[in-house]
Amino acid sequence: MIALRSVLFNTIFYANLIIRMIVLSPYYFVVPRKIAYAIPKNWARSNHWLMRVIVGTTFEIEGLENLPDGSYILAPKHQSFWDTYALLPWLKDPVYILKRELMWIPLFGWYAKKQRMIPVDRGARGKVMVEVLKRTKEELSTGRQLIIYPEGTRRPPGAEPLYKYGIARMYRDLNLPVVPIAMHPGLFWPRRSIRRYPGHFKVKILPPIMPGMDPDAFFAHLIEVSERASDELLLETVAQNPHLPLPPTAVERLVELRKLNAAIG
């Protein structure tokens, strides 16, 4: 049954994306940018509905009150394609720094360009990164929110954290609050898999880390608070969803956490 529901969801999910981009293009590219953002935000909402109705996956968001007014940097854990779009309905005017190759994809790249997303060559150095920072500052000066994944790429639940120091440089240079987010959508929408699993999980928005810290101290603090919350949610999510097939990284981490809790208790 899970296999059948997964195939049905994936088929409708991508059809929903392609059809919306084609049918709504005339409207999207005519209206002002901020008004046009309603289209991807409504697409995100429709995906949440599809996940609930077809797969049986639901989620809740805890800590929306921790999102500051105006500009800030959102720093979520990254496990799945789900978390690339899931929070759009709750953000006022988000902007992404994304791989420049994504801007070359027909329709998707045009949509991203309309929203002034910031393309970057991952191997770039020097002047290119200076230009990316300049573009980022320009966008954030208008009150937008920057979404950046501190680990850079998707990581399976429970995997050893591999945070990139670039988030610390952004924190220093942009002088904005950083809001960490812990969640485990990768247990329900695994990377490199067509399977989708039913259940319920929590997205936890943590208190913002205010600007002004030494970059090294900030980097260590971000990892500490993000991973502590991530570990707590891993234990909670697995306890609430005992049917889930867990990746080896999650199994190993759960063993470590249970041993640690037993030693403390």
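Residues being farther than 16 Å from residue 176 by Cα, open to solvent by less than 40 Å² (accessible area, probe 1.4 Å) and of a type in the set (D, E, K, R): count how many of those fall in segment 49-95.
2
Restricting to segment 175-194, count the residues that are among the small types (Gly, Ala, Ser) and open to solvent by 30 Å² or more (accessible area, probe 1.4 Å). Quick ask: steps written out before the conclusion?
Here is the first cut: in segment 175-194, the ones among the small types (Gly, Ala, Ser) are 182, 186, 193.
Then keep just the ones that are open to solvent by 30 Å² or more (accessible area, probe 1.4 Å); that gives 193.
Summing the residues that are among the small types (Gly, Ala, Ser) and open to solvent by 30 Å² or more (accessible area, probe 1.4 Å) in segment 175-194 gives 1.
Mind checking whether some residue in segment 200-220 is over 16 Å from residue 79 (Cβ atoms), touching a Leu at 6+ places or on another chain (Cβ under 9 Å), in a helix (DSSP H, G or I) and aromatic (Phe, Trp, Tyr)?
There is no residue in segment 200-220 that is over 16 Å from residue 79 (Cβ atoms), touching a Leu at 6+ places or on another chain (Cβ under 9 Å), in a helix (DSSP H, G or I) and aromatic (Phe, Trp, Tyr).
Being within 19 Å of residue 94 (Cβ to Cβ), under 18 Å from the mean Cα position of the chain (by Cα) and not in a helix (DSSP H, G or I) is the filter here, so list the residues in segment 23-61 that pass it.
Listed by number, the residues that qualify are 37, 59, 61.
For the list (1) of a type in the set (Phe, Trp, Tyr); (2) under 30 Å from residue 141 (Cα atoms); (3) crowded, with 16+ Cβ neighbours inside 10 Å, I need the number of the one condition that residue 197 fails.
(2)
Report, ordered by the first and then the second residue, all pairs with beta carbons closer than 8 Å, sequence separation of six or more or different chains, a first member in segment 94-119 that is under 18 Å from residue 18 (Cβ atoms) and in contact (Cβ under 8 Å) with a residue 40 or more places away in the chain, and a second member that is open to solvent by 40 Å² or more (accessible area, probe 1.4 Å) and assigned to a helix (DSSP H, G or I).
Short answer, once both residue conditions are applied: 107/18; 107/22; 108/102.
Which of the numbered conditions does residue 35 fail, given that it passes all the others? Conditions: (1) surrounded by 12 or more Cβ atoms within 10 Å (Cβ to Cβ); (2) within 25 Å of residue 117 (Cβ to Cβ); (3) not hydroxyl-bearing (Ser, Thr, Tyr).
(1)
Can you run down the residue pairs with Cβ atoms below 7 Å, 6 or more apart or on separate chains, where the first is in segment 226-252 and over 22 Å from residue 195 (Cα atoms) and the partner is open to solvent by 30 Å² or more (accessible area, probe 1.4 Å) and at pLDDT below 95?
227/161
Could you check, for segment 248-257, whether at least one of its residues is surrounded by fewer than 17 Cβ atoms within 10 Å (Cβ to Cβ), in contact with a helix residue (DSSP H, G or I) (Cβ under 8 Å, 6 or more places away or on another chain) and outside any loop (DSSP other than H, G, I, E, B)? Lay out the reasoning, then the answer.
Initial filter on segment 248-257 (surrounded by fewer than 17 Cβ atoms within 10 Å (Cβ to Cβ)): 248-249, 251-252, 255-257.
Next, from what is left, pick out any that are in contact with a helix residue (DSSP H, G or I) (Cβ under 8 Å, 6 or more places away or on another chain): 257.
Filter again for outside any loop (DSSP other than H, G, I, E, B), leaving 257.
Taking every residue of segment 248-257 in turn, at least one turns out to be surrounded by fewer than 17 Cβ atoms within 10 Å (Cβ to Cβ), in contact with a helix residue (DSSP H, G or I) (Cβ under 8 Å, 6 or more places away or on another chain) and outside any loop (DSSP other than H, G, I, E, B).
Name every residue in segment 17-32 that is free of Cβ contacts under 8 Å to residues at least 40 places away in the same chain and open to solvent by 30 Å² or more (accessible area, probe 1.4 Å), in order of residue number. Don't jump to the end; show me each part of the working.
Filtering segment 17-32 down to residues free of Cβ contacts under 8 Å to residues at least 40 places away in the same chain leaves 17, 19-20, 23-24, 26-27, 30-32.
Residues satisfying the conditions are 17, 19, 20, 23, 24, 26, 27, 30, 32.
Grab the helices (runs of 4 or more DSSP H) fully contained in segment 96-174, keeping just those with 1 or more residues being farther than 30 Å from residue 31 by Cα, of a type in the set (A, V, I, L, M, F, W, C) and open to solvent by 70 Å² or more (accessible area, probe 1.4 Å).
Numbers: elements: 108-114, 127-140, 166-174.
Fully inside segment 96-174 and qualifying: 127-140.
Taking the condition of being open to solvent by 70 Å² or more (accessible area, probe 1.4 Å), in contact with a strand residue (DSSP E or B) (Cβ under 9 Å, 6 or more places away or on another chain) and either outside any loop (DSSP other than H, G, I, E, B) or under 16 Å from residue 261 (Cβ atoms) (or both), how many residues in segment 222-243 meet it? Working first, answer last.
Applying the first criterion (open to solvent by 70 Å² or more (accessible area, probe 1.4 Å)) to segment 222-243 yields 224, 228, 232, 239-240, 242-243.
Among the residues that remain, those that are also in contact with a strand residue (DSSP E or B) (Cβ under 9 Å, 6 or more places away or on another chain) are: 228, 232, 240, 243.
Filter once more, keeping what is either outside any loop (DSSP other than H, G, I, E, B) or under 16 Å from residue 261 (Cβ atoms) (or both): 228, 232, 240.
So the count comes out to 3.
The values are calculated or read from the model by the stated rules, or taken from the named source; none is laboratory data. Just so it is clear, the model here is predicted, and its values are computed rather than measured. Cβ: placed from backbone, ideal geometry, glycine included. Neighbour counts: every protein chain shown. These accessible areas exclude ligands, DNA and RNA; they are computed on the full protein's heavy atoms, side chains included. Shrake-Rupley method; radii C 1.70, N 1.55, O 1.52, S 1.80 Å.
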